[in-house]
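*Asks:* I am attaching a structure below and will ask some questions about it afterwards.
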Amino acid sequence: MASRWHDPPRLRTLEEDDGDERHATWLELFFDLVFVVAVAQLASSLSHDLTLHGFLVFCGLFVPVWWAWVGYTFYADRFDTDDVVHRLLMLGGMFAVGALASEGGSDVPAHAALTFQDPRIDESSGLVVRDGRVYTVNDSGDGAYVYQVDPRTGRTVAVTTYDDEDPTDVEALAAGPDGALWVGDIGDNRRWRGSVRVHRIVPVRESGTVPSTTYDLAYPGGPHDAETLLVHPRTGRLLLVTKGYGGGVVYRAPRRLRAGETHVLEQVGRVQGLVTDGTFLAGGDRLLLRTYGTAELYSYPGLRLLARTELPRQELGEGIAVDGRSVYLSSEGEGSDVLTFPLSRLEQARVPAAEQQDHPATPPPGTSTGSERDPRPWMGLGPAGFLLAALGAGMAVLALRAALRRGRRRR
């Protein structure tokens, strides 16, 4: 450790260091990890908002973070004196980089309406709030179960089992106009399913098995991945919204469905973002869709974008529901919170008139509408796994720096 409080920077030379290559200090190594985590934070923020606006925000924050790291590395190799003042400035730089990266996050206010207490609810992917209960289903991997949760305590008060021995990829839950619930077995990450399946059930207040009416649906242009099922509150007609980086495509089922038949869906329009769930508002003239980072309100049937608001950060936000006054958001993860905010916030988040254009059913030439895999696969690692991944990336950066220094030393 340097004994001087401050030593003015001066160019370091190999002759001054007796020909030995300079070694990074432990504080510098930790600073490198700060930059790794900062970049990971910015990447996570981008995954929440995969739009042109989100990409521009990412670039605007990533460029100064990256050049701060490059500039500091150059300075440390050429001018570092490792005195007390320098170390204090490094600590200040760490806070500055962290603050800059955090600007990409969401600070949207919301509070937890409840916390799921049941360890079986670990991948909440669909959400309905009705009749004093919260209904949810798990993502793929669970059985044919619909969980009923007391919103006051977060405890599961009943589990409804419907008659499907082996669901493929349950992703959605929607409320029907007649007291029924619709379960959407509509996920298809690999895009191999010739048809998807929805189940209509009438849940009971106690745990038990109920009969279901099952309908098969097929897309007109081949398989798609989807996580959003909506039921019109007046007509009972079904809508599916696909999930893709180029935005979602809205498909409508025929008016009359018959069990045992495969019904071809009709493409009716397009929406923005990686849509993970949605619901109609009362009256059926507006529908609310969510992505990982935003909620968007559309007119129906014109699909005119009316309002958009950012959502609070969640581990992997996939569920959305309304009860007339509030919006509810669920997320994957055991013991996750169901967040809520007033529905009136959307009324205050109207988009400019220039953006309020209808979204045609036919996509523009060259626009991809295919489904995509989860853009944030690392989120399933959990906090500990994510930290290990960040440390591993940091060690890779350090190894690269060491290799470059050895190369310069050989020359």
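No value in this document is a laboratory result; all are computed from the given coordinates. Since we're looking at a predicted model, the values are computed, not measured. Every residue, glycine as well, gets a Cβ built from its backbone with ideal geometry; the counts of neighbours run over all protein chains shown.
*Asks:* Which three extents, in whole angstrom, do the alpha-carbon atoms of segment 111-375 cover along their principal axes, largest first?
*Replies:* 49, 44, 34
*Asks:* Skipping prolines and chain starts, which residues have an amide H placed within reach, meaning under 5 Å, of the one on Leu343, given they are 5 or more residues away or on another chain?
*Replies:* For Leu343, whose amide H was placed from the backbone, the distant partners under 5 Å are Ser326, Val327.
*Asks:* If amide hydrogens are placed 1.01 Å from N in the peptide plane, which non-local residues have theirs closer than 5 Å to the one on Thr228?
*Replies:* Amide H neighbours of Thr228: Val241.
*Asks:* Per-residue HN-Hα couplings for segment 342-350, Karplus 6.51 cos²θ - 1.76 cosθ + 1.60 at θ = phi - 60°, whole Hz, x for Gly and Pro?
*Replies:* Karplus values, whole Hz, x for Gly and Pro: x, 4, 4, 4, 5, 5, 8, 10, 5.
*Asks:* Tell me, what ³J(HN,Hα) does each residue in segment 254-270 have, in order and in whole Hz, if you take phi through Karplus 6.51 cos²θ - 1.76 cosθ + 1.60 with θ = phi - 60° and put x for Gly and Pro?
*Replies:* Ordered by residue, 3J(HN,Hα) equals x, 4, 10, 10, 10, 4, x, 10, 9, 9, 7, 6, 10, 6, 10, x, 10 Hz.
*Asks:* Packing-wise, with mean Cβ within 10 Å as the measure, how do 262-271, 343-352 rank, highest first?
*Replies:* Details: 262-271: 17.8, 343-352: 13.8.
Highest mean packing first, the order is 262-271, 343-352.
*Asks:* What are the residues whose amide H is under 5 Å from the amide H of Gly273, where those residues sit 5 or more places off or on another chain and H is modelled from the backbone?
*Replies:* Amide H to amide H, under 5 Å and 5 or more residues apart or across chains, Gly273 pairs with Gly247, Gly248.
*Asks:* Let me ask another. Show me, for segment 323-329, the HN-Hα J-couplings you get by feeding each phi into the Karplus relation (A = 6.51, B = -1.76, C = 1.60, θ = phi - 60°), rounded to Hz, glycine and proline as x.
*Replies:* Per residue, the Karplus-derived 3J(HN,Hα) values read 10, x, 10, 10, 9, 10, 10 Hz.
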